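I have placed the structure first, in the form of structure tokens, so that the comments after it can refer back to it.
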Amino acid sequence: MGARGPLRFEPSPRITNRELNALYAQAWPRHRRFDFTPVLRRALVHVCAFEGKELVGFVYLAWDGKQHAFLLEPTVTPRLRRRGVGRELVRRAVEEARKRRVEWVHVDFEPRLARFYRACGFVRAPGGLIDLRSKRRDPPPLAN
Ligand SMILES: CC(C)(COP(=O)(O)OP(=O)(O)OC[C@H]1O[C@@H](n2cnc3c(N)ncnc32)[C@H](O)[C@@H]1OP(=O)(O)O)[C@@H](O)C(=O)NCCC(=O)NCCS
């Protein structure tokens, strides 16, 4: 797929903070250096895409320990986007969940990514979110 070597996908390979932070720095505009160790320790699976030795894609599934998994942070290096890498990462993560008898894979996303998640096989389902980063402590009052 690229001049830097063939593309390959691997479930839960050994991966360093340095590699992940380098990928996130390219893909997430507001990324700040992060310790991924506790995230990976708790994840059901993480899937990586490598081009030669370079990490070019990543996704992981958080897990409730039973039948629910939550897909998080699919990330593809900008120069390899729109070539099916993101979809393949998600496909493999979902396949790993299926093998481990997980029954539901959840995701949430901004509206601009609806097409991507539809292409990955997700169907619309009502959901909700509370942003605990915000300063307000009480939920806004419900309108009648
Ligand atoms: C989202 C992301 C992982 C997609 O990776 P990708 O490898 O480019 O996706 P794919 O090539 O597998 O896309 C499959 C399909 O999804 C849709 N799609 C992908 N990216 C899209 C975008 N930015 N806008 C609209 N549709 C998109 C298209 O239908 C695409 O098929 P097409 O190229 O034949 O039209 C990548 O853009 C990324 O890393 N973004 C920054 C991080 C991020 O925001 N992650 C999502 C967090 S919720």
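Tell me the residue from 96, 10 that is in a strand (DSSP E or B), of a type in the set (D, E, K, R) and modelled with pLDDT of 95 or more, please.
Values: 96 fails: in a strand (DSSP E or B).
The conditions single out 10.
Here's the yes/no breakdown for (1) in contact (Cβ under 8 Å) with a residue 24 or more places away in the chain; (2) under 28 Å from residue 6 (Cβ atoms):
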site: 54; (1), (2): yes, yes
site: 57; (1), (2): yes, yes
site: 77; (1), (2): yes, yes
site: 80; (1), (2): yes, yes
site: 88; (1), (2): yes, yes
site: 99; (1), (2): no, yes
site: 109; (1), (2): no, no
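What number of residues within the range 61-85 are open to solvent by 10 Å² or more (accessible area, probe 1.4 Å) and not in a strand (DSSP E or B)?
Of the residues in that region, 10 qualify.
Regarding residue 123, is this residue among the aliphatic types (A, V, I, L, M) and open to solvent by 100 Å² or more (accessible area, probe 1.4 Å)?
Details: among the aliphatic types (A, V, I, L, M): yes; open to solvent by 100 Å² or more (accessible area, probe 1.4 Å): yes.
Here the answer is yes, as residue 123 does meet what is asked.
The values are calculated or read from the model by the stated rules, or taken from the named source; none is laboratory data. Since the structure is predicted, the reported quantities are computational estimates derived from the model, not experimental observations. All Cβ positions, even for glycine, are placed from backbone atoms using ideal geometry, and neighbour counts span all protein chains on display. What goes into the accessible areas is simple: the full protein's heavy atoms, side chains included, and nothing from ligands, DNA or RNA. Shrake-Rupley method; radii C 1.70, N 1.55, O 1.52, S 1.80 Å.
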